[in-house]
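First up is the structure itself, then whatever we jot down about it.
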Amino acid sequence: MAKGFNKVILMGNLTRDPEVRTTPNGQSVANFSLAVNRTWKGSDGNQQESVSYIDCVAWGRVGEVIAQYMQKGRPLLVSGRLDQRSWEQDGNKRSKVEVVVEDFNFVGGGGGDFQGGSSSSRSNQSSSSKGKKDEDVKIEEIKDDEGINLDDIPF
C-alpha cells in the first residue's frame, strides 16, 4: 500500500507580525499568516490577480527565529506540511487547516535594519576583525590587462 505525501512550499508576505507563545511545558510556538499572490491571464486577455491567506505555525527554534527577524509585509519562503485541527467553541465544532512550518528561508534584501542570516554567525567574528571599520578594508582592483590565473582559485 502506498504511503501518503504531505509537503507544502509557499512564498508570500507576512500579513501581521508573528505571535510567539509558550506552551505549559515550555515549548515556544509562533503563529503568522502569509499572503500568497497569484496572477494569470483571464479568458478576456486581461491580467487577473488573487490572494490566498494561509495560516502558519512554527514550533521551537524555527518559530523563535522567524519571530525575531520577520515582521508584517516581509517576504518569507516556508516549507512544511498541512495539518488540520478541530475544536469546539461555543458548542459549535470548528476546524482549521494550517501549514506546520518545518523549514524556511528569508527572501529579498530587506530594508532598514533587517539582515538575513543567523545572528550567531555575525557575533562569532574573530577578535582581530571586531575593531575594524569599513574604511580600514582595502580592496585591490584588477586591471583589465591582468588575466585571472585559474591556479589562484582555491576550489
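Taken over segment 75-91, residues that are modelled with pLDDT under 95 and surrounded by 10 or more Cβ atoms within 10 Å (Cβ to Cβ) amount to 1. Does segment 3-27 hold any residues that are assigned to a loop (DSSP other than H, G, I, E, B) and of a type in the set (S, T, N, Q), and which are they? Listed by number, the residues that qualify are 6, 15, 23, 25, 27. Applying a threshold of 9 Å to beta carbon distances and a minimum spacing of six or more residues, or different chains, the list of pairs starting in segment 28-54 at a residue that is outside any strand (DSSP E or B) and ending at one that is of a type outside the set (Gly, Ala, Ser) reads 42/48.
One line per residue, one yes/no per condition, for (1) out of contact with any Pro (no Cβ under 7 Å at 6 or more places or on another chain); (2) surrounded by 10 or more Cβ atoms within 10 Å (Cβ to Cβ); (3) of a type in the set (Gly, Ala, Ser):
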{"residue": "1", "(1), (2), (3)": "yes, no, no"}
{"residue": "9", "(1), (2), (3)": "yes, yes, no"}
{"residue": "15", "(1), (2), (3)": "yes, yes, no"}
{"residue": "22", "(1), (2), (3)": "yes, no, no"}
{"residue": "28", "(1), (2), (3)": "yes, yes, yes"}
{"residue": "33", "(1), (2), (3)": "yes, yes, yes"}
{"residue": "36", "(1), (2), (3)": "yes, yes, no"}
{"residue": "45", "(1), (2), (3)": "yes, no, yes"}
{"residue": "50", "(1), (2), (3)": "yes, no, yes"}
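In segment 32-57, what residues are closer than 20 Å to residue 102 by Cα, out of contact with any Cys (no Cβ under 7 Å at 6 or more places or on another chain) and not β-branched (Val, Ile, Thr)?
Residues of segment 32-57 closer than 20 Å to residue 102 by Cα: 32-36, 53-57.
Restricting the remaining residues to those that are out of contact with any Cys (no Cβ under 7 Å at 6 or more places or on another chain) gives 35-36, 53-57.
Within segment 32-57, 35, 53, 55, 56 qualify.
The values are calculated or read from the model by the stated rules, or taken from the named source; none is laboratory data. Owing to the predicted nature of the structure, the values given are computational and were not obtained by experimental measurement. In this analysis, Cβ positions are derived from the backbone assuming ideal geometry, glycine residues included, and neighbour counts consider all displayed protein chains.
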